[in-house]
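To start, the structure under review is shown below, and the notes come after it.
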Amino acid sequence: MQLLAQLMRYSGVAIAVAFSLPAAAQAPPTGAERDTMIQSALSAAPATLRDTVRVADWNGNTLRDGPAGFTCLPAPPGLAGPMCVDEVWMAWLQAWSSKAPFTPSRAGVAYMMAGDSATGGASNIDPFATTPSAANDWMVEGPHIMLLTPDRASLDAIGPRHHHGGPYVMWAGTPYAHIMVPVGPRPEQRSVPR
């Protein structure tokens, strides 16, 4: 897990590899590590899902069974934070991680109710940036909901401006564009190397 998490920090490709491998190919975590991952993953879920949702690790191992619909994942080191995603978002994750084209088949919903980790966040303009820079509009977001839509015109209507506190489009103009809906305060932003 440690090696895969490190690879994932530098390349989304590791996510695709993890989800395409049979679950038996990589042993699931046990004991305290497993419990910590479940707690991290569930921190992304709204209270209405927390007691029943499926939890998986980034290797594709199921850590807790749940009904079809949503899967919660722990925070990957250095990127974003824990998330709870529906099937459309799972397909999005696989496309993003392999840099494949993606158009959602229907609306998709993802929760990140714990927000980004203090060492996480993401560029608002570059889907594949791994660290903050003066040129990539890095954002550490607080609790938020993410929405996918097959209607690209609705993305254009919202736009990428995130400094006003309302909804905005992350990664506008790319196949990975999605609507970010902040629902809580923003944490302190990471420093940008000059």
Requested in this report: For the range 63-123, would you read off the P(r) tail past 13 Å as a percentage of all alpha carbon pairs?
Outcome: 66 percent
Query - Angle between the chain longest axis and helix 87-97 axis [Cα atoms, degrees, rounded to 10] - result: 80 degrees
Query - Positive-end residue of VAL140, MET90, THR52, charge dipole of the chain with Cβ unit charges - result: VAL140
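May I ask you to derive the relative contact order of the range 58-115, considering only C-alpha pairs under 8 Å and at least 6 residues apart, and to give it as an integer percent?
Result for the range 58-115 is 32 percent.
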Report task. Enter the per residue convex hull volume of the chain, computed from alpha-carbon coordinates, in Å³ rounded to the nearest integer. Result -> 118 Å³
Query - Expected 222 nm ellipticity per residue - DSSP helices of 4 or more, -39500 (n - 2.57), all of the chain, to 500 - result: -7000 deg cm²/dmol
Requested in this report: May I ask for the equivalent-ellipsoid semi-axes of the range 148-194, computed as the square root of five times each C-alpha gyration tensor eigenvalue and listed largest first in whole Å?
Outcome: 22, 14, 9
Query raised in the report: More than 21 Å apart: what percent of Cα pairs in the range 104-194 qualify?
Result: 26 percent
Query - Lys, Arg +1 and Asp, Glu -1 on Cβ, resulting dipole of the chain about Cα centre, debye, nearest 20 - result: 200 debye
Report task. Pull up all non-local amide H partners of CYS72: gap of 5 or more, or a different chain, and H-to-H distance under 5 Å with H placed in the peptide plane. Result -> ARG54, VAL55, ALA56, VAL85
Query raised in the report: Accessible surface of THR174 in the full protein assembly, 1.4 angstrom probe, to the nearest 10 Å²?
Result: 30 Å²
Query raised in the report: Ordering GLU141, GLU33 from largest to smallest accessible area (1.4 angstrom probe), what's the sequence?
Result: GLU33, GLU141
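The values are calculated or read from the model by the stated rules, or taken from the named source; none is laboratory data. Just so it is clear, the structure is predicted and the values come from calculations on it, not from any experiment. Note that each Cβ is placed from the backbone with ideal geometry, even for glycine, and that neighbours are counted across all protein chains shown. Just the protein is used for accessible areas: all its heavy atoms, side chains included, with ligands, DNA and RNA removed. Shrake-Rupley method; radii C 1.70, N 1.55, O 1.52, S 1.80 Å.
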